[in-house]
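Novice: Before we start, here is the structure in question, set down as structure tokens.
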Amino acid sequence: MSGGKETPRQKMIGMMYLFYTALLALNISSDILNAFILVNDSMVQTNTNFGSKNELILNAFEKQMSMNEKKVKPYYEKAMKAKEYSEELVKYLNWLNDTIISATEYGGGDGVLESSTGEDSIIPFNRLHEIPVVKLHNKDKYNVPQGILIPEIPGVTKQADVMKEKFAEFNEKILGLLTDKDKKDIKLGLQTDKAWNAQEKKWEEWEHNTFHHGVLIADIVIINKYISEVLNTEAEVLNKLYSYIDAQTIKFDAVRAAVIPKSTVIISGGEYEADIFVAAYSKTEVPFVDIKKGSDSLTLADVKAGGDNLIHIDSASNGIVKFKVKANSIGEFKYAGFINVKGPDGKFQQHFFHSSYQVIKPTATVSADKVNVVYKGIPNPITASASGFTNDQLSVSVRGGGSLKPKGDGHYMYTPSRNGKEVSFIITAKKSDGSSQSFPPAKFRVLPVPPPTIRLAGKSEGAVDRAVLASSSFLTANLDGFLFELKYRVTQFEIIATGKKGVIVNQTVRGNKLPKSIINKLRKSPRGTIIIVSGVKTVGDDGAKRAPGITLKIK
């Protein structure tokens, strides 16, 4: 099965698929799962937009049927067939999403959507694909979905094989609606050819490369990607069938502008692209577009006034104007405009549109769950971020006591309370529509700063020379290998020195330096004298604390 060259959209989807497949080899963190959620939400919105675009074209067919049934009917009937083939395959793919969600999340039954009011909602099986993926608890599980899509048990139906057959059948049937000449112009998706598996260094079947060890949320995204390809193919066929009609003999009394973005979430450094079109257009007339960046409103007076934020696009293909802009900055970006088309009277008519998109940072996260720690008594630096939102859209609160002070650009200083054992940081994002979204709390353990290591004459253990001891007769306290640069000072200690003839020194010292009387005794002590320093008190950046003692031997 072949389908010609890939469209930029299909290339983008392919790159997304490779990205997701690579992520499956990692230990999936909550940040990566949140990225899957964000991309899936964008994919669902794109599919909704495609559905709306196709409905607009079908509505135009119906309008033309009422004006010239004899001429339009053959193409209208094929358009309805295209819709039928598309709906049939989309219905199966939605059923497949329902099946893997039900089996993985709800044990094979209907779903339950939890509510903050305590009144949970029952979601029937055939609507499980409508549940926001953020509500699913087993997003990172792969055994159950894999057992449905590519089971290893003999005799059990592999839904991946069923899908593969349905893809081939759909492509064959929908291409059959077009003339041989036009078939080659349709950029088919749903390709299931073998591909090179870089990890295993061999060619693998499509079903293995696509679904082997695929976690639930990745499988949902991939299936929604295939729904997008089905709707995109339907759109191309509908547009081609529509072009068979002689536009000069058909007049329209209503035209509606539409914006179909390839994605509403763009990685920084990428490119935002959207199709801007009207449902009905003439092959002999080329529409043009005026767009104002940074706004969701525009007037004809703004267009006449011009300005740096105004873009004029006068090229179109089959009535569709391509709007592209580089995504170099992070945040939400709005735009509005007019698409201008000639009416039956030969005069240009303006049709308003507006849309927006998010630009996010490319992120990859590796975390060590066992060392999520903040330390008592000192300020701990914290950085907070959320994909799809700028720092000025975020606020951070803390549960578990202590003080949190913002330092700007997503950075904070947090000082725990002295009695705390665990603390949670909650990020809340303010959306462009004024509503708020809270993310799952990030939990940290609250631990005391470890005691410092004590040294006398630079030694914490072992043998010490009398001369060194006499010239460097003070105690130091340092945190060896600790992440924070904290300073400590010894304020008191006890010292005992014993030799063959008994106790040489037994004294409590205030401060960090040996008195001359003790130095003189140690200078005269024999080799093998044991020095024990205990009861060490220190004071540092996190307050006063005791430190472990040390034992030395005079050599």
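All of the numbers you see were taken from the coordinates with simple rules; none came from a lab. Computed from a predicted structure; not experimentally measured. All Cβ positions, glycine included, derive from the backbone under ideal geometry; neighbour counts span all protein chains shown.
Novice: Under the rule that an exposed site lies in a DSSP loop and has at most 16 other Cβ atoms within 10 Å, name the longest stretch of the chain with no GluC sites (Glu not before Pro) of that kind, not counting the sites themselves.
Specialist: Result, exposed sites excluded: 286-484.
Novice: Quick check: residue separation of Asn391 and Val286 times 0.36 nm, minus the Cα distance between them. What number comes out in nm?
Specialist: 33.6 nm
Novice: Moving to a separate point now. Of the beta bridges DSSP finds with both residues in the chain, what % are antiparallel, to the nearest 5?
Specialist: About 90 percent, rounded to the nearest 5.
Novice: If each residue of separation counts as 0.36 nm, what is the full-extension length gain between His137 and Trp95 once their alpha-carbon separation is subtracted?
Specialist: Length gained, His137 through Trp95: 13.1 nm.
Novice: Then there is this: Give me the extension gain from Tyr244 to Lys342: residue separation times 0.36 nm, minus the current Cα-Cα distance, reported in nm with one decimal.
Specialist: Full-extension gain reported as 33.3 nm.
Novice: Continuing with this model, one more query. Of Pro287, Tyr375, Asn68, which is farthest towards the positive pole of the chain's charge dipole, taken about the Cα centre with +1 and -1 on the beta-carbons of Lys, Arg and Asp, Glu respectively?
Specialist: So the residue we want is Tyr375.
Novice: Right, here's the next one. Which net charge results for the neighbourhood of Leu486, defined as the other residues with beta-carbon distances under 10 angstrom from its beta-carbon, given Lys and Arg at +1 and Asp and Glu at -1?
Specialist: -2
Novice: Got a sec? Charge dipole of the chain, +1 on Cβ for Lys and Arg, -1 for Asp and Glu; which of Leu93, Asn59, Asn478 is way out at the positive end?
Specialist: Value: Asn478.
Novice: Can you show me the helix-derived [θ] at 222 nm for the chain, built from DSSP H runs with n ≥ 4 at -39,500 (n - 2.57) apiece and divided by the number of residues, rounded to the nearest 500.
Specialist: Here the helix-only value at 222 nm equals -10500 deg cm²/dmol.
Novice: How far apart, in nm, are the 7 Å Cα→Cβ label points at Ser517 and Arg127?
Specialist: Result: 8.9 nm between the two label points.
Novice: A follow-up question, please. Tell me, what is the percent relative contact order of the chain, built from C-alpha pairs under 8 Å that lie six or more residues apart?
Specialist: Relative contact order here is 10 percent.
Novice: Give me, ordered by chain and number, the residues 5 or more places off Tyr244 or on other chains with an amide H under 5 Å from its own placed amide H.
Specialist: So Tyr244 has HN proximity to no qualifying residue.
Novice: Next question. Which of the helices in the chain meet the span-like rule: DSSP H, Cα axial reach of 20 Å or more, Kyte-Doolittle mean at least 0.5?
Specialist: Helices passing the filter in the chain: 216-243.
Novice: Sticking with the crude label model, points 7 Å out along Cα→Cβ, report the distance from Ser317 to Lys537 in nm, one decimal please.
Specialist: About 8.2 nm, to one decimal.
Novice: Given a Förster distance of 60 Å, report the FRET efficiency between Glu172 and Val373 from their Cβ-Cβ distance, rounded to the nearest 0.05.
Specialist: Rounded to the nearest 0.05, the efficiency is 0.50.
Novice: Listed here are the pairs Lys322/Lys347; Lys173/Lys262; Lys135/Lys201; Lys430/Lys487; Lys141/Lys184; Lys293/Lys443; which of them are more than 31 Å apart at the Cα?
Specialist: Over 31 Å apart, Cα to Cα: Lys135/Lys201; Lys430/Lys487; Lys141/Lys184; Lys293/Lys443.
Novice: Sticking with this structure for a sec: Sum up the charges of everything whose Cβ sits under 11 Å from the Cβ of Val144, counting Lys and Arg as +1 and Asp and Glu as -1, but leave Val144 out.
Specialist: -1
Novice: Still on this model: Identify the residues of region 512-555 with backbone N under 14 Å of a label point that sits 7 angstrom from the Cα of Ala470 along the Cα-to-Cβ direction, or state none.
Specialist: 516-527, 555
Novice: What base-10 log of the normalised intensity I(q)/I(0) is obtained for region 453-554 from the Debye formula, alpha carbons as equal point scatterers, at q = 0.19, 0.23 Å⁻¹?
Specialist: For the requested q values the scattering log ratios are -0.88, -1.22.
Novice: Considering the options Thr508, Pro416, Ile454, tell which one lies farthest towards the positive end of the dipole of the chain, charges being +1 on Lys and Arg and -1 on Asp and Glu at the Cβ, about the Cα centre.
Specialist: Thr508
Novice: In addition: Normalized C-alpha radius of gyration of region 372-447, against 2.2 N^0.38 Å?
Specialist: For region 372-447, the normalised Cα radius of gyration is 1.12.
Novice: Then there is this: Between beta-carbons, use under 11 Å as the cut-off and find the net charge around Val509, counting Lys and Arg +1, Asp and Glu -1.
Specialist: Overall, the nearby charge balance is +2.
Novice: Note down the Stokes-Einstein diffusion coefficient of the chain in µm²/s, whole number, using a Kirkwood radius over alpha carbon pairs, 20 °C, and 1.002 mPa s.
Specialist: The estimated diffusion coefficient comes to 73 µm²/s.
Novice: Suppose every Lys and Arg Cβ carries +1 and every Asp and Glu Cβ carries -1, with no other charges. What dipole size does the chain come out with about its Cα centre, to the nearest 20 debye?
Specialist: For this selection, approximately 4460 debye.
Novice: What FRET efficiency comes out for Thr157 versus His213 if R0 is 22 angstrom and r is the Cβ-Cβ distance? Round to the nearest 0.05.
Specialist: According to the calculation, E is roughly 0.65.
Novice: Would you mind getting me the FRET efficiency between Asn478 and Leu300? Use the beta-carbon distance for r and R0 = 60 Å, nearest 0.05.
Specialist: Working from the Cβ atoms, E equals 0.25.
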